[in-house]
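The values are calculated or read from the model by the stated rules, or taken from the named source; none is laboratory data. Note that the structure is predicted; figures quoted are calculated from it, not measured. In this analysis, Cβ positions are derived from the backbone assuming ideal geometry, glycine residues included, and neighbour counts consider all displayed protein chains. Surface accessibility is based on the protein's heavy atoms, side chains included, excluding ligands, DNA and RNA. Shrake-Rupley method; radii C 1.70, N 1.55, O 1.52, S 1.80 Å.
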Amino acid sequence: MVINMVKSLDRLYSRAVFLGYRRGITLQNENQSLLRVEGVKTKEDAKWYIGKRVAYVYRAHTAQTKKNKQTKYRSIQGKVIAAHGTNGVVRARFSHNLPSQAIGKLVRVMLYPNRPAIAN
């Protein structure tokens, strides 16, 4: 279901919203981020995204040179590691922890690497 929606939009990622960090009553773990992927409502749908790459793309004030081109856009790369709860939220771990200013902002969940379906 999700794959057909994304295929019609001709992009290689699904949009997700960074909800916050994994936390308990008194402790919060900044190294695990909670993401709500667009169109994912159940735990079974969320399991399909485990292992997929995640990118938080943001705009910085100063430009950097990348491949002989000046750009102000930067990204923090990560990976979906597990489902969180039963409502389709997933946990992700990033190479550098996401800043708290990113809460509520969009994150890209890439549709690769594709894992082969495991027969029951």
- Message: Given the criteria open to solvent by 90 Å² or more (accessible area, probe 1.4 Å) and not in a loop (DSSP other than H, G, I, E, B), does ARG115 qualify?
- Response: no
- Residue count, segment 48-62 (criterion: surrounded by fewer than 14 Cβ atoms within 10 Å (Cβ to Cβ) and either over 22 Å from GLN101 (Cβ atoms) or among the hydroxyl-bearing types (Ser, Thr, Tyr) (or both)): 2
- In segment 47-80, residues that are outside any strand (DSSP E or B) and touching a residue at least 24 places away in the same chain (Cβ under 8 Å) total 6
- Task: With the checklist (1) in contact with a helix residue (DSSP H, G or I) (Cβ under 8 Å, 6 or more places away or on another chain); (2) surrounded by fewer than 18 Cβ atoms within 10 Å (Cβ to Cβ); (3) closer than 20 Å to MET110 by Cβ in hand, flag the one item VAL90 doesn't pass.
- Result: (2)
- Message: Out of ALA63, ALA83, ALA102, I need the residue that is of a type in the set (A, V, I, L, M, F, W, C), more than 24 Å from ASP10 (Cα to Cα), touching a strand residue (DSSP E or B) at 6+ places or on another chain (Cβ under 8 Å) and modelled with pLDDT under 95. Which one?
- Response: ALA63
- Query: Here are some conditions: (1) under 19 Å from PHE18 (Cβ atoms); (2) open to solvent by 40 Å² or more (accessible area, probe 1.4 Å); (3) within 13 Å of the chain's Cα centre (by Cα). ALA83 meets all but one. Which one does it not meet?
  - Reply: (2)
- Task: Within segment 63-76, identify whether any single residue is on the phi < 0 side of the Ramachandran plot and buried (at least 16 other Cβ atoms within 10 Å of the Cβ), and answer yes or no.
- Result: yes
